[in-house]
1. Could you pull the Cα extents of the range 85-202 along its three principal axes, largest to smallest, in whole Å?
2. What's the extension gain from N19 to A324 if we count 0.36 nm per residue and subtract their Cα-Cα distance?
3. Could you give me the ³J(HN,Hα) list for the range 228-241, computed from phi with Karplus coefficients 6.51, -1.76, 1.60 and θ = phi - 60°, whole Hz, x at Gly and Pro?
4. Would you list, by chain and number, the lysines whose Cα falls below 16 Å from the Cα of K608, excluding same-chain residues fewer than 8 positions away?
5. With n ≥ 4 as the cut-off for DSSP H runs, can you work out [θ] at 222 nm for the chain, using -39500 (n - 2.57) per run divided by the number of residues, rounded to the nearest 500?
6. Project the alpha carbons of the range 558-668 onto their principal axes and report the range along each, largest first, in whole Å.
7. Binning every alpha carbon pair distance of the range 310-395 at 5 Å from zero, what are the percents per bin?
8. How big is D for the chain, in µm² s⁻¹ as a whole number, if Stokes-Einstein is applied with the Kirkwood radius of its Cα pairs at 25 °C and 0.890 mPa s?
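Any read-out appearing in this document is the output of simple, stated calculations on the displayed coordinates, not a laboratory observation. Predicted model only: the values in this text are computed from it and were never measured. Every residue, glycine among them, receives a Cβ derived from its backbone with ideal geometry; neighbour counts consider all protein chains shown.
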Amino acid sequence: MTSPIRTERQGDVLVIVSNNPPVNALGAAVRQGLEAAIKEGVADASITAMVIRCDGRTFFAGADITEFGKPLQEPGLPTVIDMIEASSKPVVAAIHGTALGGGCEVTLGCHYRIAVPSAKIGTPEVKLGLLPGAGGTQRIPRIAGVKLALEMTAIGNPISAKAALAAGLIDRLAGEDSLVADAVAFANEVAAKRPLPRASEGIATADPEAVAAFRKANARKFRGFDAPAANIACVEKAADGSSFAEGIAFERAEFMKLMTGTQSAAQRHLFFAERQAAKVDDIPADTALRPIKKVGVIGAGTMGGGISMNFLAAGIPVTIVETAQDALDRGTGVIRRNYEASAAKGRFTTDKVEAMMGALTPTLDLEQLADCDLIIEAIYENMDVKKELFGKLDRIAKPGAILASNTSYLNIDEMAAVTSRPGDVIGMHFFSPANVMKLLEVVRGAQTAPDVLATVMALAKPIGKVAVVSGVCPGFIGNRMLSQRQQPATEMLMEGALPEQIDKVHVDFGMPMGPFQMSDLAGVDIGWHRDPTRIESIRDALAAEGRWGQKKQAGFYDYDERRTPSPSPRVAEIIADFRAKAGKTDRPIDDQEIVERTLYPMVNEGAKILAEGMAQRASDIDVVWIYGYGWPVYTGGPMFWANTIGLDTVVAGLEKHGIPVAPLLKEKAAKGERF
Ligand code: T1G
């Protein structure tokens, strides 16, 4: 097997090059190759310095995540990095792309670091439920201080080369197109310099105020996660006067605790699930895509506006259509205000805001969509109105234009059937707020053409979305499973539970909110028959009293002016009333029962969705729930979570409450299989 590592001589400098596409992951062969190359450089008397660089789009993007959970093949990364640092000759890291995780740690083992201005370095291990386990938590604080080390390790976002230079994490910037030459020149420059700067010999100054402030500022973000606290503890260890070796031993112990835990397994599952979701099994990866240079959006309401913002931010001009001038002005006004708010937070420059607004063409004339490559309708949910619109679009849109609906549950095939081009019709279900939520459910109609599906799937990343393919069924993947949670939750109100108890179980589980808080957010009056005299459910009773949710500061909860929910004595009365009228006597309902009757049915529905082929794979369902509904990342999504607790446990819980078990779930549980 050819080693992914080769060496080249440039004068007295040994250039060690990694070529391990796609991202130079530090797999076993790379580590073995690095070890051999360093040994070669140290042993060869004619070599005065070494440079480590990578071919392809990026410097080492970290340890090879596919090796995790498997027996370690020596040498481990810490060994290689210690060898680099111990080298008697200077080693320069030449960085381009993203030096992440173990890749960043390799640079910290080097004596000098040079990077192109576009490079980024970071330690995102916490996003995999881990920590930098090859010395990063001990070397970063010694070079850049505790404050930055906390940000880099416990939050995990990469920093720019410029910021790294300012922090001392890199020594100089190279020309964007002259990295190798500049690195070799740098190596020659420092070849004779001694002593060699070794990060492990540095001192990190304790900063307990910064640690306390950091913990406080991120408490909400870190809720439920194990890894952030472990990262913070390691950084503290680096600055509490312990020796480097003691710090490394502590780091290793914390790393292994996380590596063998369920959270990291779940977060690593999500890493690959997200990338897998982008692939459509029965469509070749090299399918030619349709060019999307101009997009039309119909409806300038909350969804239409948010959808437009995604394309404008990606540099794709948008024509937005409304039926009335005031609605159009209101819609474009919201778009500008949202962008200005983001600019105020430093997300966009004002020039960028003006450029995006400049690329937005508001119109009342549907005909103006005739030259669009993709047209997305985001009008209100009424099938007749949508079918009429698709009939018009069929006449207006140019040949080859993709016609998409943002419906959250209506039948895409019915819309396609009113056109002469059903192959060009597809669902693009964005989640509100559409310019923020990452999930895009791409609904594949019975006749959706492969290149149409491939084109829309490929569009997701440039517009900042994670796309998942769904078949045509009521509620697609996400809402279909969501509906399985609401019914049993309402039943338990009739049996003795209260909204705040049920919601607390979901929030403690890690969901952003429970079923009743969500109803109040969406609106208790959604789907209500509007007849206050007809009280057939608790929901009817609330709606009849005007308790329509947050917007009315009263729903299943009472809300203060800052929309903080509090349990409502009036709602407790209404529920008790209802139980009495229904002849129900309430009984104690414990939290486990709530989990079994509200979360297990979602897994059950997921199994049906899989069996019907409405989702390509179980991991897609996990991606939907994590990016669309805030399912806790550290459980990996509903299907992975079910695997973790055991499918037999889920089946037993469902059967205990008389809930019919999906055949696929029953079968897998019986065979001891996983999704
Ligand atoms: N290991 C294995 N495969 C990886 C990988 C990795 N580290 N990174 C990416 N891939 C695969 C990915 O699955 C995909 O495969 C292809 O590469 C392209 O990736 C000891 C413990 C670098 C910013 O967390 O963030 O080091 O789908 O689609 O959008 O302390 O990949 O094509 O088959 O994402 O251009 C820490 C993870 C590891 C960085 C590029 N490192 N990677 O993004 O491409 S833990 C990370 C990324 C660690 C040490 C610890 C991104 C990227 P496929 P892609 P991209």
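1. 40, 31, 20
2. Extra length from N19 to A324 when fully extended: 104.1 nm.
3. Values per residue, Gly and Pro as x: x, 4, 5, 4, 4, 4, 5, 5, 4, 4, 5, 10, 9, x Hz.
4. Qualifying lysines at Cα under 16 Å: K666, K668.
5. On the way: 27 runs with 314 residues, N = 675.
The helix-only estimate for the chain comes to -14500 deg cm²/dmol at 222 nm.
6. 45, 37, 23
7. 3, 13, 21, 22, 18, 12, 7, 4, 1
8. 88
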